[in-house]
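Working notes, structure below.
The values are calculated or read from the model by the stated rules, or taken from the named source; none is laboratory data. Everything numeric in this text was worked out from a predicted model, so none of it was measured. Every residue, glycine as well, gets a Cβ built from its backbone with ideal geometry; the counts of neighbours run over all protein chains shown.
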Ligand code: SF4
C-alpha cells in the first residue's frame, strides 16, 4: 500500500473514531444529564415532600392552637358562670326540684324590683303634656290603645329619628314575655321587635325548647331606635318605662326573660353585671325574671350559645311549672 493511501485510510479511521467518540460522548452527556435530572428531581421531590410536611405541621399547629384557644375560652366562660353561681342564686338545673326547692336555695339572693303604678304624674323633660302639667296616666289603656299612645309618643328625643315605633310582637294572651333592649335598624323599618339577624336567632332559640314566636310576647325597654344602636340613656329609659310597666301589668306574664345586660339592668334596676345576674331568679314585682344573653351577643360570640342554651332550658322549665301550677 502506498504511503498516500495509508495516510488516507488513517485519516478516515481517525474521523470515524472521532465521530464514534462524539456519539458516545453525546450519549454519556445525555446520560449524565438524565442522572442529574434524576438527582435534581429527587431533590425537588424531597423538597416538595418536606415542604408539604412542613405545611401540614403548621396547619396542625394552627388547628391545635385554635382548639386550645376555644377550650380556654369555654373554660373561662365556665369559670365566669361558676363564679356567678357562687355569688347569685345557684340552681343546679339538671337536679332542679319543685318551686319550693329553688325558692329555698335562693333565700333572698335574687333581685326584686317594684315598679311604680302606671297611673302617676311623671315629670318629663320632653313630653308636651308633662310640660303642661298633665298626668301621664296609662292605667286606662289596653294593649291596643297603649300601642297607639306609643306610636304618637314624643316623651324623649328618640321620636325625631325613628321610622316607626316598635311596640311588641307575639300573642296578647302569652304568659311568657321576652324583653330586649331597643329596636335596631331592621326593627325600626318594620315596626316589629327582633326581626333582624338577632331576631332570627331568637326564633331558633325558642324553637329549640318547643316555643313558637306567636305563643310568647316580645318587646323592648325602649320603643324607638337609639341612633347607631347605642345603649339607651337614663332619660330615655325613664321616659319609656311606663309603657313597659303597663304592658307587663296587662299581660300578667308568669315569667319574664330579660335578653341582655341593658334589658336586665333596667328591668331590675340594678348595676349588676350580666354574669352575676345570669343563673338566678329575680323578681319584677311578683313576676319571676330570668336573665340571658341578647341574641346579638350570641352572634358576636358563638361560644356563649352553650350557656344561653342552659338559660332557655331554665326558662322553659319554670314556665312549664308556673303554667302547671295555675291549672
Ligand atoms: S323611646 Fe319611648 S319615650 Fe322615647 S319617644 Fe319612643 S316611645 Fe316615647
*If the Cβ limit is 7 Å and pairs must be 6+ apart or interchain, which residue in the range 151-163 that is under 14 Å from residue 189 (Cα atoms) and modelled with pLDDT of 95 or more pairs with which residue that is within 6 Å of the ligand (Cβ to nearest atom) and part of a loop (DSSP other than H, G, I, E, B)?*
151/165; 159/153; 159/224; 162/224
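Does residue 225 satisfy the criteria of being surrounded by fewer than 22 Cβ atoms within 10 Å (Cβ to Cβ) and within 14 Å of the ligand (Cβ to nearest atom)? Break it down into steps so the answer makes sense when it comes.
Working: surrounded by fewer than 22 Cβ atoms within 10 Å (Cβ to Cβ): no; within 14 Å of the ligand (Cβ to nearest atom): yes.
In short, no.
Report, by residue number, each residue of the range 170-192 that is in a strand (DSSP E or B) and away from the ligand (no atom under 16 Å from the Cβ).
Residues of the range 170-192 that are in a strand (DSSP E or B), as a first pass: 170, 176-180.
Correct list: 170, 176, 177, 178.
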*What number goes with the only condition from (1) more than 20 Å from residue 143 (Cβ to Cβ); (2) in contact with a strand residue (DSSP E or B) (Cβ under 9 Å, 6 or more places away or on another chain) that residue 217 does not pass?*
(1)
*Report whether or not residue 203 is in contact with a helix residue (DSSP H, G or I) (Cβ under 9 Å, 6 or more places away or on another chain) and within 16 Å of the ligand (Cβ to nearest atom).*
no
_So, in the range 139-160, exactly how many residues are more than 10 Å from the ligand (Cβ to nearest atom) and exposed (fewer than 14 other Cβ atoms within 10 Å of the Cβ)?_
6
*residue 165 vs. criteria in contact with a strand residue (DSSP E or B) (Cβ under 8 Å, 6 or more places away or on another chain) and within 12 Å of the ligand (Cβ to nearest atom)*: no
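Take residue 247 and tell me if it is assigned by TED's automatic domain parsing to the domain that holds residue 298 and within 13 Å of the ligand (Cβ to nearest atom). Give the steps one after another, and end with the answer.
Values: assigned by TED's automatic domain parsing to the domain that holds residue 298: yes; within 13 Å of the ligand (Cβ to nearest atom): yes.
Yes: the conditions hold for residue 247.
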*Out of the residues in the range 281-316 that are surrounded by fewer than 22 Cβ atoms within 10 Å (Cβ to Cβ) and more than 19 Å from the chain's Cα centre (by Cα), which is farthest from residue 241 (Cα to Cα)?*
316
*Does the range 253-262 contain any residue that is within 16 Å of the ligand (Cβ to nearest atom), in the same structural domain as residue 154 (by TED's automatic domain parsing) and at pLDDT 95 or above?*
yes
*Report yes if residue 134 is in the same structural domain as residue 319 (by TED's automatic domain parsing), within 16 Å of the ligand (Cβ to nearest atom) and modelled with pLDDT under 95, otherwise no.*
yes
*Out of (1) assigned to a helix (DSSP H, G or I); (2) under 26 Å from residue 151 (Cα atoms), the odd one out for residue 323 is which?*
(2)
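Counting only residues that are within 22 Å of residue 166 (Cα to Cα), give me the strands (runs of 3 or more DSSP E) lying completely in the range 202-299 with at least 2 of them.
Numbers: elements: 217-220, 255-259, 282-284, 287-292.
Output list reads 217-220, 255-259, 287-292.
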